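Okay, structure first, notes after.
The values are calculated or read from the model by the stated rules, or taken from the named source; none is laboratory data. Please read all numbers here as calculations on a predicted model, not as lab measurements. Neighbour counts are summed over all protein chains in view; Cβ atoms, including those assigned to glycine, are modelled from backbone coordinates with ideal geometry.
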Amino acid sequence: MPTPTPTPTVLLVGKCRVRETGNATTLSRIKGHVEAGGWRCLTFDPDDLPDPPSLQRVMRGVEGGGVVVGVVGLHALRCSRVLLTCRDAGTPYLLMFGGTDVNECTKEEAKKEAMTEVVAGAAHLVAHCTPILTSALEAWPFLDTGQVSVLPQAVQVNPSEAINVAAFLKGLRQENEEKERNEEEEEKARIEEEKEEKTRKEEEEEKARIEEEKEEKARKEKKEEEDNTIHSTASNTKNGRERLDKHTQTTNSEQNTILSEGTVRTRGEEVETRGEEVMEKLPAFFQPLVLIVAGLRPVKDVLYVAEAWSTWRGGPEGRGTLLILGPPLDTCYANHVYSKAKRLRSVYVAPSLPPSECQAVIRSATVLVNSSRSESMPSAILEAMALGTPVLARDIPGNRSLITHHHNGLLYSSPESFIGALTSLLKDPSLARSLARNATDRVLREHSLEQERERLLTILQKVVKE
């Protein structure tokens, strides 16, 4: 009986535990391409493979007697540990730059050093846009241009028809208002409790003070009684002596009488002094709907335009809602966003939605905004372009690889220029339609699934060992 041919398997490694992120979207799409090429594809988050033995177990335990013929890793830093283990095991890998690995992580020497080893060991490398390619060649001059390919990302949209976007937004607003009411009530209760506690303390302190005064008064009265007793005894003694002197009629009797009167007078003054004491169409509220879709982490800088928006929203022309939609990927930063948004006018932060529902919200938005400090080829912008939603993007290299200013979107370089671009879109519907139409044309022409699949499989054929 012939030995069955092992099924060639490709491992796909990248951050994918949170489904509603650009990386997870990219990995899902690549998995489909790999399987279309005839390979089995298994996807892992780097955190699922914490050490070399865990990866070795995966390689040994591939179903159906399959053999791992290659690995695709997304992001040079996040996948570095797994990819270096693959290198040591003799398994070739394709490294796809993620964006922040080249744009941000190369600024830190330790991170760059870790990535350098991964970059040097790759059978081939992929950048999603020319700016990333250029930056990678500058960061690692030992790379040959033939080792790195530019592979523009494709976009796949399938907006859900099941979600009622207007109802979702209304519910979000009601939830936020209810939270605000609850927080106000909690704050009032806290203040009231503090007042009551303060009153209790003051009452206790007053009670203790009165008690202390009573005790002090009692001590004084007791001392007066003791003093009076002493003076009384002394007086009786003197009077007896005076009577004895008078009875015997000594020569000094007049002087003794004067002294006796002086002593009585002095004692009366003392007593008086001691007695002195002192006590469907989106509702009007959501129009325009300005939407930011991004995971909450510092590099996405989702509050970059929020202050300017809030100021504009409070002005004579201000209207609508700024909605930030995305999962909390950095807890500290996410908490900062939640806290700040509460203090701004008509700024809402919502948790992530499943991709198809998120795309439905993008389709309903007036404009999709990107405010990132760093990007490669952002999925949210591509989805908005495909869905016919105008794009307002921060003027950075990754965004410029997709958006040509005033042709298929608008670029801004400051919060103030963001407001200027937004108002120009709102005042000129024909401009918004023209930008959206040109954006959709570009997506159809340059970012189709078929194009991405063909180019990726061509590269992967050169990488895998079969």
Open item on the list: Cβ contacts < 6 Å: first residue outside the structural domain of A127 (by TED's automatic domain parsing), restricted to the stretch 23-46; second residue in a strand (DSSP E or B), any location; separation 6+ or different chain. Result?
Closed with: none
TODO: Answer yes or no as to whether T311 is modelled with pLDDT of 95 or more, surrounded by fewer than 19 Cβ atoms within 10 Å (Cβ to Cβ) and more than 18 Å from T25 (Cβ to Cβ).
DONE: yes
Task: Condition met for E383 (of a type outside the set (S, T, Y) and over 19 Å from L431 (Cβ atoms)) - done: yes
Open item on the list: Just checking, does the stretch 304-322 include any residue being assigned to a strand (DSSP E or B), in contact with a strand residue (DSSP E or B) (Cβ under 6 Å, 6 or more places away or on another chain) and among the aromatic types (F, W, Y)?
Closed with: no
Task: Of all residues in the stretch 96-121 being out of contact with any Lys or Arg (no Cβ under 6 Å at 6 or more places or on another chain) and among the polar types (S, T, N, Q), the one that is nearest to L456 (Cα to Cα) - done: T100
- [ ] Check whether at least one residue in the stretch 61-68 is among the hydrophobic types (A, V, I, L, M, F, W, C) and in contact with a helix residue (DSSP H, G or I) (Cβ under 6 Å, 6 or more places away or on another chain), and report yes or no.
- [x] yes
Task: Tally of residues being over 17 Å from S379 (Cα atoms) and of a type in the set (D, E, K, R) across the stretch 427-443 - done: 4
- [ ] For the stretch 49-135, please list each of the strands (runs of 3 or more DSSP E) lying entirely inside it that holds at least 1 residues being more than 22 Å from S376 (Cα to Cα) and at pLDDT 90 or above.
- [x] 67-74
Open item on the list: For the structure I just gave you, tell me whether L387 is touching a helix residue (DSSP H, G or I) at 6+ places or on another chain (Cβ under 6 Å), farther than 30 Å from H124 by Cβ and buried (at least 21 other Cβ atoms within 10 Å of the Cβ).
Closed with: yes
Task: Criterion (within 20 Å of P152 (Cβ to Cβ) and either among the basic types (K, R) or not in a strand (DSSP E or B) (or both)) met by exactly one of L382, L353 - done: L382
